[in-house]
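To start, the structure under review is shown below, and the notes come after it.
What follows is calculated from the coordinates using simple rules that are stated; it is not laboratory data. In this text the structure is predicted, and so the values were computed from the model without any measurement. When we count neighbours, we look across all protein chains shown, and the Cβ atoms used for this are built from the backbone with ideal geometry, even at glycine.
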């Protein structure tokens, strides 16, 4: 089936989906929700200052330091040349196409 013939079919599917009814959400609330008071709004700055800064346990800090050092060593190992001198010489030579007899 050609792609162009699918366009009207997809359009009809979209129209059929648009004609459906939305489900009722009134029954999904608990009985006291409608009469409950609104929550109080508080400034965000006060909430952020009230929390102490997170601290790492000493054993966790040791593990994190070891992991960071391993990642630094791995990054340093990846800093070398990607192409060695032999491959670089072959690439600098370019591509030599073979002669085709009778061409």
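Seen against the Cα atoms of the chain and their longest principal axis, helix 58-77 is set at about 30 degrees.
With the chain treated as a Gaussian network of Cα nodes joined by springs under 10 Å, which of 41, 78, 12 yields the largest mean-square fluctuation? Of 41, 78, 12, the most mobile in the Gaussian network model is 12. Given the alternatives (i) 34; (ii) 44; (iii) 82, percent of Cα pairs over 19 Å apart as computed for this entry is given by (iii). Spin-label model, residue 64/residue 3: points 7 Å from Cα along the beta carbon direction are separated by 5.1 nm.
Per DSSP H run of at least 4 residues, take -39500 (n - 2.57); add these up for the chain, divide by its residues and hand me the 222 nm value, nearest 500 deg cm²/dmol. Mind dumping the intermediate values first?
Working: 4 runs with 52 residues, N = 103.
One gets -16000 deg cm²/dmol as the mean residue ellipticity at 222 nm.
Considered as an equivalent ellipsoid built on the Cα gyration tensor, the range 58-100 has semi-axes of 46, 9, 4 Å, the largest given first.
Between rounded, prolate and oblate, where does the range 11-50 land on the alpha carbon gyration tensor, with a ≥ b ≥ c its root eigenvalues, rounded for a/c under 1.5, else prolate if a/b exceeds b/c? Write out the running numbers ahead of the final one.
Working: a/c = 6.24, a/b = 1.99, b/c = 3.13.
Oblate is the answer for the range 11-50, as a/c is 1.5 or above yet b/c matches or exceeds a/b.
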